[in-house]
Every structure is written in structure tokens, then in C-alpha cells.
Amino acid sequence: TWCLLHGVSVWPQGWQDRNDASRKTANLWLTYDRFGYRQAEWIPYYRAGKLAVSESPSALVSLYLIRGQRALLVIGNTSHGVTQAKVSVDLQAMGLKGKAVNALTDQPIDLQDSRLSVRLRPDTFVLAWVE
């Protein structure tokens, strides 16, 4: 979670990782490539301003943005408890229409009135693909 919030690559811990980390890490890399993160503007949580604001003190939001096309929000839970993160996004400033899905599962994420809400397990993240 902390690596993704700071735009740092994630690497598995070896060939005997718990919880199938190599497969999960490969899926993460493929998702970033599919999004086109190399062409995107990287905006860390401490510079996001009004573009993406978390209403939960334990949730931080960094993002990759291709203005007028799509954004990939890294919504990270920095607490050791479950958090229902509510995030306000400035769709107009990003040039986006307002459709959101979980980038890793393709499950829809509720996005109404420029606010999305995701449930985050302890010390985990959700990648929200917004168009």
C-alpha cells in the first residue's frame, strides 16, 4: 500500500511468497501497463489538492492522470482496521465523465455526485479506474 501511494514499484518477496504474491504482483503490473501509467501524470496524495480528497483520515489517495481520458486512483488504507473510504474527485478538473471500476477486478465502484466509496481491509488498497 505504501509503495503504491508513493509511486514505487512493488516486488514479490521470493519464490515461496505467502498468498500467491507473484501472481498478484504480475496482475498489478499488467493493470498499470493497461492503464498507460508511463504516459500519465503522477500526483501523490500530498499534492493531489482538490483532484482527489479522502474524507477518511486513514485513507490516502494518489493518482495517475491522463487528462480528458482516465485516472487511476490508488486509495490506500493506512490503518490496521477496516475503513469505508469516501473520496471526492474533481471530475471536471480532470476532464472525466464519472464512471469508476476496480482496476484489478473490473467490478463497478459507486460514483455519485463526484464521490466514490470503497471498503478497504486493514493496510490494503483499491485501484479505482475512473473515466
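Data overview
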quantity	calculated
Single unsatisfied condition, Asp123 versus (1) surrounded by fewer than 16 Cβ atoms within 10 Å (Cβ to Cβ); (2) at pLDDT below 95; (3) over 16 Å from Cys3 (Cα atoms); (4) out of contact with any Asp or Glu (no Cβ under 7 Å at 6 or more places or on another chain)	(3)
Tally, over segment 55-78, of residues that are open to solvent by less than 30 Å² (accessible area, probe 1.4 Å) and among the polar types (S, T, N, Q)	4
Long-range neighbours under 7 Å by Cβ, at least six apart or interchain, first residue in contact (Cβ under 8 Å) with a residue 24 or more places away in the chain and farther than 16 Å from Ala93 by Cβ within segment 35-47, second assigned to a helix (DSSP H, G or I) and open to solvent by less than 80 Å² (accessible area, probe 1.4 Å)	Tyr45/Leu5
Every residue from segment 100-114 that is open to solvent by 40 Å² or more (accessible area, probe 1.4 Å), within 14 Å of the chain's Cα centre (by Cα) and within 16 Å of Leu63 (Cβ to Cβ)	Leu104
Pairs with Cβ under 7 Å, 6+ apart, first in segment 53-69 and within 12 Å of Thr83 (Cβ to Cβ) and of a type in the set (D, E, K, R), second open to solvent by 50 Å² or more (accessible area, probe 1.4 Å) and outside any loop (DSSP other than H, G, I, E, B)	Glu55/Lys86
Selected residue (criterion: modelled with the highest pLDDT) from residues of segment 1-45 that are of a type in the set (D, E, K, R) and under 25 Å from Gly81 (Cα atoms)	Lys24
Hits in segment 82-99 (condition: surrounded by 14 or more Cβ atoms within 10 Å (Cβ to Cβ) and either among the β-branched types (Val, Ile, Thr) or in a helix (DSSP H, G or I) (or both))	Thr83, Val87, Val89, Leu91, Met94
Count - residues of segment 28-44 that are open to solvent by less than 80 Å² (accessible area, probe 1.4 Å), polar (S, T, N, Q) and either closer than 18 Å to Gly68 by Cα or in contact with a Pro (Cβ under 9 Å, 6 or more places away or on another chain) (or both)	0
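The values are calculated or read from the model by the stated rules, or taken from the named source; none is laboratory data. Bear in mind that the values here come from a model prediction, so they are computed numbers and not experimental data. Ideal geometry is used to build each Cβ from the backbone, glycine not excepted, and the neighbour counts take in all protein chains shown. Only protein heavy atoms, including side chains, enter the accessible area calculation; ligands, DNA and RNA are left aside. Shrake-Rupley method; radii C 1.70, N 1.55, O 1.52, S 1.80 Å.
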